[in-house]
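The values are calculated or read from the model by the stated rules, or taken from the named source; none is laboratory data. All figures in this text were calculated on a predicted structure; none of them were measured in a lab. With ideal geometry, Cβ positions are generated from the backbone for all residues, glycine too; neighbour counts draw on all protein chains shown. Just the protein is used for accessible areas: all its heavy atoms, side chains included, with ligands, DNA and RNA removed. Shrake-Rupley method; radii C 1.70, N 1.55, O 1.52, S 1.80 Å.
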Amino acid sequence: MIGVVLSIIISAPPVPHFEGPRQMECPPTEWAIMAGQIADVDPYFLMAVVMTESRGKPTAEGDCRDGKCHSFGMWQMNVGTCKGLYPRCKKKDLFDPHFSSVMAGLLWRYLIKKVGRENAAVAYNCGQRCKKNKKWFSHTKVTRAYFRRYDDMIQNEHCYEESL
């Protein structure tokens with residue numbers, strides 16, 4: 001029984017709470033603090049998400065197939081998701097780090113409320129594609145990278161640029 005519980009915790013760690021600024025070698029960025037305060041998520045975890053998704057580039061375009069890209073900006077959010085949070089959202093808005101960080105904070109807050117801290121990172125990464133028969137898949141490769149990068153930043157007190 002204990003082995004099952006431990007394997008669940010290890011395979012799906014919860015998204016860490018916002019604990020306020022820490023005394024680390026490099027402070028979190030302004031956009032990570034803003035999104036973290038909105039969502040009650042550790043800004044270092046959100047920095048790890050951004051570094052995994054876009055390497056911190058506000059002009060990143062990803063998830064391109066059929067000649068079209070579907071996710072934009074440093075948070076790699078798609079326009080449909082953004083419109084669900086703010087109906088007047090446009091593609092160009094997702095390239096603005098401040099606007100997209102507010103939208104990401106709202107999205108993380110929504111996901112934590114909707115699916116819980118344990119599943120929020122998976123839901124952020126792949127949405128409903130990762131849910132079958134009312135159960136969430138274990139973390140995907142990208143989602144595991146969020147937590148690996150976060151652990152590396154926290155344990156080794158590396159700056160996020162060093163974790164690329």
Just to be sure before I move on: is Tyr124 modelled with pLDDT under 90, under 14 Å from the mean Cα position of the chain (by Cα), open to solvent by 10 Å² or more (accessible area, probe 1.4 Å) and of a type in the set (Phe, Trp, Tyr) in the structure I sent?
yes
When you scan the range 69-86, do you find a residue that is among the charged types (D, E, K, R), at pLDDT 75 or above and either assigned to a loop (DSSP other than H, G, I, E, B) or farther than 18 Å from Asp152 by Cβ (or both), even just one?
yes
In this structure, does Gly105 turn out to be among the small types (Gly, Ala, Ser) and either open to solvent by less than 40 Å² (accessible area, probe 1.4 Å) or within 15 Å of the chain's Cα centre (by Cα) (or both)?
yes
